Amino acid sequence: TLTGIGMISATGGGGVGGGGGGRIALYYGNSTFAGNISAVGGLGSASLYSGGPGTIYTKPNSQAFGALLIDGTGRTNAMETPITSPEPFALVLSNATVYPNGPLLLGSLLITTNATITHPAGGPQIQIAVLGDATIDAGAGMGVDGRGYGSTMGPGHGLSTAPHGSGAGYGGTGGDCLYFFFPGWNLGGPAYGSVSAPVDFGSGGGSASDYGRPGGAGGGAIRLSVTGTFLVNGRVTANGRDGVVDG
């Protein structure tokens, strides 16, 4: 039996860059614990990064799988936390940005209070299967904006010239670029990918090579399967990132 009103903590140390939060795992028959459990990252200096939040895993002996909480409350400008699921668990995210290290199998999913699931730029893509319900609260979400192919990369990439670059394609064709004071016409990138199973990354736009202005990056990819109800009050986005128009 776990009981009391005290504190269980694994907080990262502070510094110019804060240390990452630790890991806590609690297994119990019964719990009436009403204290604070925390695994936040350490505070960084004003202009740099706090450590990413750690993990808090709890599992009653009577349940088939436990719950994993990642909560970065009290930390801004914190690093992203990688997660894996060697076994199914209920995942709860709050005030944190996380990315899967591989496919996730979850019992349930709750993304709340300024939390986001993303993936690193260039992937691997998000692959999550939820055996129960999934909920994204207002102000939270899944977002892979600008985390696909970088500038001038990908099967639908835009073309580059000295003054301007053309847009990248994916579901639609990228915008052509005509510059009146220079000869030539840069055609936009071609459309590609599947209508019914869109699993590709978005491509990057062309750059203005003589001006050091890179094209934007394409959106990333999210593959989410929910057996129960998927409630979206927040956002699920895979938008492209704007290119640099002015120096």
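The values are calculated or read from the model by the stated rules, or taken from the named source; none is laboratory data. Please read these numbers as outputs of a predicted model, since none were measured by experiment. Just the protein is used for accessible areas: all its heavy atoms, side chains included, with ligands, DNA and RNA removed. Shrake-Rupley method; radii C 1.70, N 1.55, O 1.52, S 1.80 Å.
Values for this structure:
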{"item": "Whole-percent carbon and sulfur share, accessible surface of the range 101-168, 1.4 Å", "result": "56"}
{"item": "For the chain: relative contact order, % (alpha-carbon pairs under 8 angstrom, 6 or more apart)", "result": "14"}
{"item": "Of [x] 135; [y] 122; [z] 161, the label for volume of the Cα convex hull per residue in Å³ derived from the coordinates", "result": "[x]"}
{"item": "Most mobile of GLY189, GLY228, GLY20 in a GNM of the chain (Cα contacts under 10 Å)", "result": "GLY228"}
{"item": "Solvent-accessible area per residue, Å², over the chain with all protein chains present [probe radius 1.4 Å]", "result": "50"}
